[in-house]
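Asker: One structure, as structure tokens, below. Some questions next.
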Amino acid sequence: MRKRIPVTSLLAAVTLGLSTLGLAAGAGTAAATPPAPAHDKQGLSDVIPAPVEAEADPEADFWLSPFTHIRTERGSAEAREVGKYLASTLRPATGYPLPVTSAKHSFLPSISLELGRTDPRVGDQGYQLDVTKRGVTIKANTADGLFSGVQTLRQLLPAQIAADSPQPRIWTVPGGNILDYPRFGYRGAMLDLARHFHEPDEIKAYIDQIAAYKINYLHLHLTDDQGWRIQIDSWPELTKKSGGPGTGVDGEGPGFLTKAEYAELNAYAASRHITIIPEIDMPGHTNAAQHAYAELNCDGVAVPPRTDIEVGYSSLCIDSEITYTFVEDVIRELAEMTPGPYLHIGGDEAHATTDEDYRKFMDRVMPMVAKYGKTIYGWDEIMQVDPPTSAIGQFWDTDGQDADVAEAVARGNKIVLSPANKAYLDMKYDESTPIGLSWAGYVEVRDAYDWNPGNHVQDVPESGVLGVEAPLWSETLRTLDHIEYMAFPRLPAIAELGWSTEASHDWESFRQRLGAQAPRWEQQGINFYRSPQVDWQ
Ligand code: ACM
């Protein structure tokens, strides 16, 4: 039997560590303020999304110390990147050096990120996390799985781990074992850059926030009636006329992503194991394009810019050849700059396009997506035109039924669930919410949590569901503060529906775990809504 290290000698090690590291403020505070007691620790299951299996061992707690190393699988650059990411998230609050090594053996306490030798259930996104007194081991089959394990480990540490400067305290990881893997492979969030542009730094901040809850796709709604937010070299007036000053709802929210910025966002998202999905909405929601180019209108006259929030009035000119030259140029350039597999072509609310024209348009455009190597993705309306079975439909209806969607799924198509009355993060929480819309009703935290993606759509079995996504439309949003206020705490609810088992679904458990997230959000300065349905810590 190994001897248990007495807490007093650990305190000495921690204090010594802080002062040997020369952390002026940290060392001073450490000497003046006794660290928080060791019993102030997380439970092994106090994690969002809830892990599949967690077996606590109170005798096996691990303490991070100035001597802790992060060891990553030898020969794996990807595992090393996850290790470096983990170190970057733990260093500010601990003040510890946490070197990242690939040494095979070490007598020093360590957090090990290992590839292979997993339980078969782990699959390509799951992980196992084992905590003993000697260290933490995260095992997975892929770097995605390691990254998910790292997010769990961050939540197992006390909330002050999210602080941006050294905190004098003991960093306990609760002992035991977790085996965890997702219910659905696709767990998404969406930002609307068209109604109000969000700067790359704001998008990166949101990427970090959603990655913490194991979201693995970020859908960017890049074009709409009010603005065009992505550089397209072959059609430069798109961003010149519809991405500049005066564009956006109420004429506020100008801007667009250059190709360089878009590439950097894709790389940043990849470093957080998130895939970006770009959306060009068509054949409706196209006023910005038709304002920039007169030839995209059937009468050859450019339409005026629009800054209101009406929908359903615009349509590309279906019988004009230039329309398809335009669409193919945009799809080609977008496919070239997008590393991920999906290209979202919108297709929603094309009320100014006849059903016949809608089909004609989609029959020409859908093959273009495949031609440039991408998978077709669109709002659920695309299921009306019998798309190829590889096409993904995004269900956004509020009544849980759609015969076209059910028939498409019966043929083999898959859908992503974003029912507006559950998963739209721009719906107000209640009548007093200062921003947001309410056309799909008010969506309190419990509404966002209490539904089952596996049986939500009539005649669509769970096998037809790729996953869930939480869209956040920006008609009423301007800032990152606004994004955070609408996303937190509902984004973690949708994240849990996408990851955790149906059997673990339990509002009481979820609201307890959600309440415990508040100190983390406060440390990070996240502007969250204090729902009265939750006891916030
Ligand atoms: C949508 O909300 N129009 C997809």
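The values are calculated or read from the model by the stated rules, or taken from the named source; none is laboratory data. Please read these numbers as outputs of a predicted model, since none were measured by experiment. Don't worry about glycine lacking a Cβ; one is built from the backbone with ideal geometry, like all the others, and counts go over all protein chains shown. For accessibility, only protein heavy atoms count, side chains too; no ligands or nucleic acids. Shrake-Rupley method; radii C 1.70, N 1.55, O 1.52, S 1.80 Å.
Asker: Starting from the stretch 69-91, take each residue that is without any contact (Cβ under 8 Å) to a residue 12 or more places away in the chain and list its partners that are not polar (S, T, N, Q), counting only C-beta distances under 6 angstrom and pairs at least six apart or across chains.
Answerer: Every condition considered, the pairs that remain are ARG91/LEU98.
Asker: Also, quick follow-up: Could you please tell me which pairs satisfy a Cβ distance under 9 Å, a separation of 6+ or placement on different chains, a first residue in the stretch 210-232 that is within 16 Å of GLY340 (Cα to Cα) and touching a residue at least 40 places away in the same chain (Cβ under 8 Å), and a second residue that is among the hydroxyl-bearing types (Ser, Thr, Tyr) and assigned to a strand (DSSP E or B)?
Answerer: ASN216/TYR186; ASN216/THR275; TYR217/TYR186; TYR217/THR275; TYR217/TYR342; LEU218/THR275; HIS219/TYR342; HIS219/TYR377
Asker: Contact list please: Cβ distance under 9 Å, first residue in the stretch 240-258 and more than 9 Å from GLN226 (Cα to Cα), second residue of a type in the set (S, T, N, Q) and part of a helix (DSSP H, G or I), pairs at least six apart or on different chains.
Answerer: That search, which allows pairs on different chains as well, returns PHE256/THR239; PHE256/SER242; LEU257/THR239; THR258/THR239.
Asker: Exactly one of (1) open to solvent by 20 Å² or more (accessible area, probe 1.4 Å); (2) touching a residue at least 60 places away in the same chain (Cβ under 8 Å) is unmet by LEU193. Its number?
Answerer: Looking at each condition in turn, LEU193 falls short on (1).
Asker: A follow-up question, please. Kindly indicate whether any position in the stretch 495-505 is surrounded by fewer than 21 Cβ atoms within 10 Å (Cβ to Cβ), part of a loop (DSSP other than H, G, I, E, B) and within 16 Å of the ligand (Cβ to nearest atom).
Answerer: Going residue by residue through the stretch 495-505, those that are surrounded by fewer than 21 Cβ atoms within 10 Å (Cβ to Cβ) are 501-505.
Then drop every residue that is not part of a loop (DSSP other than H, G, I, E, B), which leaves 501, 505.
This time we only want the ones that are within 16 Å of the ligand (Cβ to nearest atom), so: none.
No, that holds for no residue.
Asker: Being in contact (Cβ under 8 Å) with a residue 24 or more places away in the chain, of a type in the set (Val, Ile, Thr) and out of contact with any helix residue (DSSP H, G or I) (no Cβ under 8 Å at 6 or more places or on another chain) is true for just one of THR501, THR476. Which residue is that? Step through it out loud before you land on a result.
Answerer: Working: THR476 fails: out of contact with any helix residue (DSSP H, G or I) (no Cβ under 8 Å at 6 or more places or on another chain).
Answer to the selection: THR501.
Asker: Also, I was wondering about something else. Considering only the stretch 51-68, state which residues are over 29 Å from the mean Cα position of the chain (by Cα) and either over 22 Å from ALA163 (Cβ atoms) or part of a strand (DSSP E or B) (or both).
Answerer: ASP57, PRO58, GLU59, ALA60, PHE62, TRP63
Asker: Tell me whether the stretch 268-280 contains one or more residues that are more than 20 Å from the chain's Cα centre (by Cα), open to solvent by 10 Å² or more (accessible area, probe 1.4 Å) and away from the ligand (no atom under 16 Å from the Cβ).
Answerer: Within the stretch 268-280, the first condition is being more than 20 Å from the chain's Cα centre (by Cα), and the residues that meet it are none.
Within the stretch 268-280, not a single residue is more than 20 Å from the chain's Cα centre (by Cα), open to solvent by 10 Å² or more (accessible area, probe 1.4 Å) and away from the ligand (no atom under 16 Å from the Cβ).
Asker: Here is a follow-up. Taking THR89, is it more than 25 Å from the chain's Cα centre (by Cα), surrounded by 15 or more Cβ atoms within 10 Å (Cβ to Cβ) and closer than 26 Å to SER165 by Cβ? So that I can check it myself, show each step before the final result.
Answerer: Numbers: more than 25 Å from the chain's Cα centre (by Cα): no; surrounded by 15 or more Cβ atoms within 10 Å (Cβ to Cβ): yes; closer than 26 Å to SER165 by Cβ: yes.
For THR89, the condition - more than 25 Å from the chain's Cα centre (by Cα), surrounded by 15 or more Cβ atoms within 10 Å (Cβ to Cβ) and closer than 26 Å to SER165 by Cβ - is not met.
Asker: Moving on. Return yes or no: is VAL445 of a type in the set (A, V, I, L, M, F, W, C), touching a helix residue (DSSP H, G or I) at 6+ places or on another chain (Cβ under 9 Å) and away from the ligand (no atom under 16 Å from the Cβ)? Break it down stepwise before answering.
Answerer: Details: of a type in the set (A, V, I, L, M, F, W, C): yes; touching a helix residue (DSSP H, G or I) at 6+ places or on another chain (Cβ under 9 Å): yes; away from the ligand (no atom under 16 Å from the Cβ): yes.
Taking the combined requirement at face value, the residue satisfies it.
Asker: I would also like to ask the following. I'd like the full set of residues that are hydroxyl-bearing (Ser, Thr, Tyr) and out of contact with any Gly (no Cβ under 8 Å at 6 or more places or on another chain), limited to the stretch 128-150. Write out each step before concluding.
Answerer: Residues of the stretch 128-150 hydroxyl-bearing (Ser, Thr, Tyr): 132, 137, 142, 148.
Once the filter is applied, which keeps residues that are hydroxyl-bearing (Ser, Thr, Tyr) and out of contact with any Gly (no Cβ under 8 Å at 6 or more places or on another chain), the stretch 128-150 yields THR137, THR142.
Asker: Okay, next question. Scan (1) within 14 Å of the ligand (Cβ to nearest atom); (2) under 17 Å from the mean Cα position of the chain (by Cα); (3) in a strand (DSSP E or B) for the single condition SER474 breaks and write down its number.
Answerer: Of the numbered conditions (1) within 14 Å of the ligand (Cβ to nearest atom); (2) under 17 Å from the mean Cα position of the chain (by Cα); (3) in a strand (DSSP E or B), the odd one out for SER474 is (3).
Asker: Failed condition for VAL468, given (1) under 18 Å from the mean Cα position of the chain (by Cα); (2) in a helix (DSSP H, G or I); (3) crowded, with 24+ Cβ neighbours inside 10 Å, with all others met?
Answerer: Only one criterion is unmet by VAL468, namely (2).
Asker: Could you tell me which residue of the stretch 281-305 is farthest from ALA79 (Cα to Cα), considering only residues that are more than 16 Å from the ligand (Cβ to nearest atom) and touching a residue at least 60 places away in the same chain (Cβ under 8 Å)? Let's see the steps before the verdict.
Answerer: First pass over the stretch 281-305, keeping only residues more than 16 Å from the ligand (Cβ to nearest atom): 289-305.
Pick out the ones that are also touching a residue at least 60 places away in the same chain (Cβ under 8 Å) and you get 289, 292, 305.
Details: ALA289: 43, ALA292: 46, PRO305: 48 Å.
Among those residues, the one meeting the criterion is PRO305.
Asker: Another question, if that's okay. For PRO434, which of the numbered conditions (1) free of Cβ contacts under 8 Å to residues at least 40 places away in the same chain; (2) not in a loop (DSSP other than H, G, I, E, B) fails to hold?
Answerer: Looking at each condition in turn, PRO434 falls short on (2).
Asker: For ASP164, work out the one condition from (1) under 19 Å from THR72 (Cα atoms); (2) touching a Pro at 6+ places or on another chain (Cβ under 6 Å) it doesn't fulfil.
Answerer: (1)
Asker: Take the residues of the stretch 417-431 that are open to solvent by less than 10 Å² (accessible area, probe 1.4 Å) and part of a helix (DSSP H, G or I): which is nearest to the ligand (Cβ to nearest atom)?
Answerer: Per the criteria, the residue is ALA420.
Asker: While we're looking at this one, here's another question. Quick one: count up the residues across the stretch 134-165 that are of a type in the set (D, E, K, R) and in contact with a Phe, Trp or Tyr (Cβ under 6 Å, 6 or more places away or on another chain).
Answerer: Qualifying residue count for the region: 0.
Asker: Also, quick follow-up: Restricting attention to the stretch 477-487, and to residues there that are in a loop (DSSP other than H, G, I, E, B) and open to solvent by 40 Å² or more (accessible area, probe 1.4 Å), which single residue is farthest from ASP225 (Cα to Cα)?
Answerer: As a first pass, look at the stretch 477-487 and keep what is in a loop (DSSP other than H, G, I, E, B): 477-479.
This time we only want the ones that are open to solvent by 40 Å² or more (accessible area, probe 1.4 Å), so: 478-479.
Values: ARG478: 17, THR479: 20 Å.
Restricting to residues being in a loop (DSSP other than H, G, I, E, B) and open to solvent by 40 Å² or more (accessible area, probe 1.4 Å), the top hit is THR479.
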